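Working notes, beginning with the structure itself.
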Amino acid sequence: MLKLRNVATNFGNSVIIRGVSLEIKKGDFVSLLGSNGAGKTTLFRTIAGILKPCQGTVEFKGRQTNRMSADKIVKLGLSLCPEGRHLFPQLSVHKNLMMGAYIRRRDHKGIKRSIGQVQELFPILKERKEQMAGTLSGGEQQMLAIARALMSDPELLLLDEPSIGLAPLIVKNIADKVKAINEMGTTIFLSEQNANMALKITGRGYVLESGSIIMEGPSNQLITDDVVRKAYLGA
Amino acid sequence: MKYNKFLKQNWLYLLLLIAALSFPLVISSRYYIQIMITALTWAMAALSLNLILGYTGQASLAHAGFFGLGAYSLALTTKAGLSFWLALPLAGAFAAFIGLFIGLLTLRTRGHYFAISTLCFGVIVFIVAGSWIEITKGATGILGIPKPTPIPIPFIGELSFTSQTNQYYLVIFFLLLFLFIIYRLVNSLQGLSFMAVRNNEVLAEAVGINTFTTKLLSFVVTNFLVGMTGGIYAVLMGGVSPTVAGSNLTFFWLAYVIIGGVATMAGPIVGAVLVTFLMEYMYSLGEYRLAIFGLILIMAIIFFPRGLVGVFTRLYQKIKDYFGGIRGGGAGQNAAKSRKANETL
């Protein structure tokens, strides 16, 4: 479904991503591990078309997307849930969800169905429907950000650090929901610093360091790997 | 029951509408009616400026330029014999068409650079209007624009626009039309995308909004509306001169939007009417009025960043919460409601 070949991305004068190649198949649940500044967010923004790679190719559903504009990539079925709970803070929860469905704004029935689905997944969003998104708690905001990303009915969901700055109990709750989303058929690429959480729910993982993939493999092997344990699990 | 609820929610707007409609019937002074006509024309210009500046977050300083394009377009076409009712949308379309090309160029820049490049275009229109004597008649301008073509009404006769009262209602009609268009636009998903671009471009792109075409659309609609406003102004004044494209007009409208309330429906109208009447009231002070005007503007930016409308809604909510708290004891619920009521980006 998603294929990166030797992708490099610059940010100003500095090279952030140095020749990353990876592949994600339909239905996969894959994690991208890496510490602060490893380039996870830059890599995700490159895949979503917000940043353009200076080298290499990105292929999504068999089409080369590295020169496409971000809105066209969203229309192809890729949705990015940006890092740091980006929301429209002064719009209601409901309107934030509607914004997520912007690319299919003529499909009223489909939007209604999707709203029903995400409200079933995150019942709190139904309760807080009319409240301003900025007044939600951190965990609720993250749920809303994920729900909004789902509103475009994506085939591939890029989740950029959903656990950042949240209490452990809420992280667990969100991890369960993300797993449920994958089980319902959405392919998910999850970027995390919280390797413990990510490796428990995903099937496969990549480890990113200084802009390069230094390791990849099944999650249950990575979790026992000495390098990963030392660097990310504090063991 | 349904009507009762409607009245309860919108009593203020209905009251204002009645006041606006009965204004020339109650006030007999031609002087005040004329000021009101000018104020409401400026309100229309400020409304469209609010669309690109307030809702989309792009400070276009070419507003008077497009106003001038519309005014000159209407002057030339009606003098050539075209009916006002055809010439007016044509004036809007002309401004929008030029706006499309200017937008394609200038919207590639951001923030201050967009403001500067649009300001340049505004100045170019002003200079061309003053120098292209064969078409625009230079500094004297085009005079003797015919009044709007009368509309025939069966059995009653025809509706002409020679009287001041009827001109007032013409302006009110277009003001309401503009309000309706902007209200529908801003509350649609398309309008939400304007605000999304203003608030967070990265997020806007992540949800699949093409930020450039969204800005361009907002710019074109804005210029269509202000082009029409220019046309209405030209027909009411009976003539145009290069001053209609002067950048000082843009700055006045900008001030109306800021004083009234950026990105609110009522703000531009409140700002335009209040400031225009205030300026008239202080007429004897001459040029010194601008100093007072500047002071008001600075105070507004520092103390009321959401303008007079923002101050008013906050006061209204506080009063409502206070009384709601006494009556129902549900202060928390009311607070949640007020958060919803303040839902503007």
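Read-outs: derived from the displayed coordinates by stated rules, not from any lab. Just so we're clear, the structure is a prediction, and the values are computed from it rather than from any experiment. Every residue, glycine as well, gets a Cβ built from its backbone with ideal geometry; the counts of neighbours run over all protein chains shown.
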Q. Picking from B:Leu216, B:Ala129, B:Val202, whose Cα lies most toward the positive end of the charge dipole for chain B (charges on Cβ: Lys, Arg +1; Asp, Glu -1)?
A. B:Val202
Q) With each label point set 7 Å from Cα along the Cα-Cβ vector, what nm distance links B:Phe155 and B:Ala291? A) 6.2 nm
Q: Sort segment A:163-207 into rounded, prolate or oblate with this rule: let a ≥ b ≥ c be the square roots of the eigenvalues of the Cα gyration tensor; rounded if a/c is under 1.5, and if a/c is not under 1.5, prolate when a/b is larger than b/c, oblate otherwise.
A: oblate
Q.
If the elastic network links every pair of Cα atoms under 10 Å, which of B:Phe84, B:Phe303, B:Phe219 fluctuates the most in the Gaussian network model of chain B?
A. B:Phe303
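How big is the shadow of the Cα convex hull of the protein assembly as shown, averaged over all directions, in nm²?
Details: hull surface 131.5 nm².
Over all viewing directions, the protein assembly as shown projects a mean Cα-hull area of 32.9 nm².
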Q. Simple spin-label model, 7 Å along Cα-to-Cβ: B:Tyr32 to B:Phe101 in nm?
A. 4.7 nm
Q) When you look at the Cβ of every residue in B:207-217, what mean number of other chain Cβ atoms sits within 10 Å? A) 6
Q: Would you mind giving the mean number of other chain beta-carbons within 10 Å of the Cβ of each residue in A:85-97, as a whole number?
A: 4
Q: Could I get the Rg over Rh figure for segment B:18-246? Both from C-alpha atoms, Rh via Kirkwood, rounded to two places.
A: 1.01
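Given the rule -39500 (n - 2.57) for each run of at least 4 DSSP H residues, summed and divided by the residues of chain B, what is its mean residue ellipticity at 222 nm, to the nearest 500 deg cm²/dmol? Provide the component values of the computation, followed by the final result.
Working: 15 runs with 255 residues, N = 345.
Calculated from helices alone, the mean residue ellipticity at 222 nm is -25000 deg cm²/dmol.
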Q.
Give me, ordered by chain and number, the residues 5 or more places off A:Glu209 or on other chains with an amide H under 5 Å from its own placed amide H.
A. A:Ile214
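Where both residues lie in the protein assembly as shown, what percent of DSSP beta bridges are antiparallel, nearest 5?
Bridges in the protein assembly as shown are about 60 percent antiparallel.
Starting with the fewest neighbours, write out A:Thr202, B:Thr41, A:Thr135 ranked by other beta-carbon atoms found within 10 Å of each beta-carbon. Walk me through the numbers on the way to the answer.
Working: A:Thr202 26, B:Thr41 22, A:Thr135 17.
With the sparsest Cβ surroundings first, the list reads A:Thr135, B:Thr41, A:Thr202.
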Q | Theoretical FRET efficiency, 1/(1+(r/R0)^6), r = Cβ-Cβ of B:Ser83 and B:Tyr281, R0 51 Å, to 0.05 | A | 0.85
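Taking a ≥ b ≥ c as the square roots of the Cα gyration tensor eigenvalues, with a/c under 1.5 meaning rounded and otherwise prolate when a/b beats b/c, else oblate, which class fits segment B:149-195?
Numbers: a/c = 5.31, a/b = 2.84, b/c = 1.87.
In terms of gyration-tensor shape, prolate.
Sorted by mean Cβ packing within 10 Å, highest first, what order do the peptides B:27-34, B:311-318 take?
Values: B:27-34: 11.9, B:311-318: 14.6.
Peptide ranking by packing, descending: B:311-318, B:27-34.
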Q: Enumerate the whole-percent occupancy of each 10 Å bin, from 0 to the last occupied one, for all C-alpha pair distances of chain A.
A: 8, 33, 37, 19, 3, 0
Q: Take the alpha-carbon centre of segment B:152-191, take the same for segment A:183-235, and report the distance between them in whole Å.
A: 63 Å
Q) Highest GNM mean-square fluctuation, chain A, Cα pairs closer than 10 Å: which of A:Leu87, A:Leu166, A:Leu125? A) A:Leu166
Q. Taking the Cα centre of each part, how many Å lie between segment A:1-48 and segment B:91-126?
A. 38 Å
(Q) For Cα pairs less than 8 Å apart in space and 6+ apart in sequence, what is the mean separation divided by the residue count of segment B:1-158, i.e. the relative contact order in percent? (A) 22 percent
Q) ³J(HN,Hα) across segment B:19-25 via Karplus (A = 6.51, B = -1.76, C = 1.60, θ = phi - 60°), whole Hz, x for Gly/Pro? A) 4, 5, 6, 8, 3, x, 7
(Q) Going through the cross-link list B:Lys215/B:Lys320; A:Lys52/A:Lys129; A:Lys109/B:Lys5; A:Lys129/A:Lys200; A:Lys3/A:Lys72; A:Lys3/B:Lys215, which pairs have a Cα-Cα distance over 26 Å in this structure? (A) B:Lys215/B:Lys320; A:Lys52/A:Lys129; A:Lys109/B:Lys5; A:Lys129/A:Lys200; A:Lys3/B:Lys215
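Evaluate peptide A:62-70: per residue, the Cβ atoms of other protein chains within 10 Å of its Cβ; return the mean as an integer. If you can, show how the numbers build up before the last one.
Numbers: counts 0, 0, 0, 0, 0, 0, 0, 6, 9.
Whole-number average of other-chain Cβ neighbours for A:62-70 is 2.
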**Q.** Karplus 3J(HN,Hα) series, Hz, for segment A:45-60 with 6.51 cos²θ - 1.76 cosθ + 1.60 (x for Gly, Pro)
**A.** 5, 5, 4, 7, x, 6, 10, 9, x, 8, 7, x, 10, 10, 10, 10
Q: For chain B, with a Gaussian network of springs between Cα atoms less than 10 Å apart, report the residue from B:Ile18, B:Ile127, B:Ile292 with the top mean-square fluctuation.
A: B:Ile18
Q | Inter-centroid distance (Cα atoms) of segment B:204-245 relative to segment A:131-177, Å | A | 39 Å
(Q) If amide hydrogens are placed 1.01 Å from N in the peptide plane, which non-local residues have theirs closer than 5 Å to the one on A:Asn66? (A) A:Val58
Q: Determine the shape class of segment B:273-312: with a ≥ b ≥ c the square roots of the Cα gyration tensor eigenvalues, call it rounded for a/c under 1.5, and otherwise prolate if a/b is greater than b/c, oblate otherwise.
A: oblate
(Q) Apply the Karplus curve 6.51 cos²θ - 1.76 cosθ + 1.60, θ = phi - 60°, to the phi angles in segment B:254-268 and return the couplings in whole Hz, x for Gly and Pro. (A) 4, 5, 4, 5, 5, 5, x, x, 5, 6, 10, 5, 7, x, x
Q) Whose amide H sits under 5 Å from the amide H of B:Leu61, counting only residues 5 or more places off or on another chain, with H placed in the peptide plane? A) B:Thr118, B:Leu119
